[in-house]
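The block underneath contains the structure these notes are about, expressed in structure tokens.
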Amino acid sequence: MESLSKQLIQLRKKNNVTQRRLGELIGKSEQAYQKYEYERAKPPIEALLIYATFYHTSIHYLVTGTEVEENYDEENVTPFSERIKELRKKKHITQKQVAAELGIRYTAYQAYEYGKSEPNLDHLLQLADLFHVTLDELLGRNEK
């Protein structure tokens, strides 16, 4: 599995785009974007969605370097907080059970469903595994 930073660098160079432009896409500075490439910070969910759309690829590919078969509708995105609540209910498990699976406090998980905070990348991967979905589906991208 390639790291997110390596994928971002590879895609940026392949598409001949500047770090400044990628920072602008998410309303940040060039220096803020550089932190993603230098592994000093992880992009928020919204940035992952924007970069996947910009490069016409999947979030799964951005994060892992592995292609997925699905084709996502870049215009039709369900907010993350709504998506995880929907996935949790479909699996018939409680917020406390999900929090336990992630190894976090119940209130921390609740904040995800209420849109007050976002999970880190490791927790996103755990959630995708728990719900048996791709990162794209977890982050609200819907299939075409």
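Restricting to the range 99-115, give me the number of residues that are acidic (D, E) and open to solvent by 80 Å² or more (accessible area, probe 1.4 Å).
Summing the residues that are acidic (D, E) and open to solvent by 80 Å² or more (accessible area, probe 1.4 Å) in the range 99-115 gives 1.
List pairs: first residue in the range 119-144 and of a type in the set (S, T, N, Q), second residue exposed (fewer than 15 other Cβ atoms within 10 Å of the Cβ) anywhere in the structure, Cβ distance under 6 angstrom, at least six positions apart or on different chains. Once the first residue is of a type in the set (S, T, N, Q) and sits in the range 119-144, its partners that are exposed (fewer than 15 other Cβ atoms within 10 Å of the Cβ) give N142/D73; N142/N76.
The set of residues in the range 1-33 that are part of a helix (DSSP H, G or I), touching a helix residue (DSSP H, G or I) at 6+ places or on another chain (Cβ under 7 Å) and open to solvent by less than 40 Å² (accessible area, probe 1.4 Å) comprises L4, S5, Q7, L8, R12, Q19, L22, G23, A32, Y33. Given the criteria modelled with pLDDT of 95 or more and open to solvent by 50 Å² or more (accessible area, probe 1.4 Å), does K96 qualify? Yes; evaluated as a whole, the condition is true for this residue. Look at (1) within 14 Å of R12 (Cβ to Cβ); (2) open to solvent by less than 10 Å² (accessible area, probe 1.4 Å); (3) of a type in the set (A, V, I, L, M) and you find that I50 fails only one, number (2).
The one condition from (1) free of Cβ contacts under 8 Å to residues at least 12 places away in the same chain; (2) crowded, with 16+ Cβ neighbours inside 10 Å; (3) basic (K, R) that K42 does not meet is (1). Using the structure shown, decide if T78 is of a type in the set (S, T, Y), more than 16 Å from L124 (Cβ to Cβ) and surrounded by 12 or more Cβ atoms within 10 Å (Cβ to Cβ). When the stated conditions are applied, T78 does not pass them. The residue pairs whose first member lies in the range 89-110 and is within 12 Å of L130 (Cα to Cα) and in contact (Cβ under 8 Å) with a residue 12 or more places away in the chain, whose second member is open to solvent by less than 80 Å² (accessible area, probe 1.4 Å) and in a helix (DSSP H, G or I), and whose beta carbons are closer than 6 Å, counting only pairs six or more residues apart or on different chains, are V98/R88; V98/Y109; E101/L130; L102/H123; L102/Q126.
For the range 116-136, check the following and say yes or no: at least one residue is touching a strand residue (DSSP E or B) at 6+ places or on another chain (Cβ under 8 Å), open to solvent by less than 30 Å² (accessible area, probe 1.4 Å) and closer than 22 Å to K6 by Cα. The answer is yes, given that some residue of the range 116-136 is touching a strand residue (DSSP E or B) at 6+ places or on another chain (Cβ under 8 Å), open to solvent by less than 30 Å² (accessible area, probe 1.4 Å) and closer than 22 Å to K6 by Cα.
When R83 is tested against (1) open to solvent by 20 Å² or more (accessible area, probe 1.4 Å); (2) among the charged types (D, E, K, R); (3) without any contact (Cβ under 8 Å) to a residue 60 or more places away in the chain, only condition (1) is not met.
The values are calculated or read from the model by the stated rules, or taken from the named source; none is laboratory data. As the structure is a computational prediction, the values presented were derived from the model and not from experiment. Because the Cβ atoms are built from the backbone with ideal geometry, glycine has one as well, and the counts that use them run over all protein chains shown. Calculation scope for accessible area: heavy atoms of the full protein, side chains included, ligands and nucleic acids excluded. Shrake-Rupley method; radii C 1.70, N 1.55, O 1.52, S 1.80 Å.
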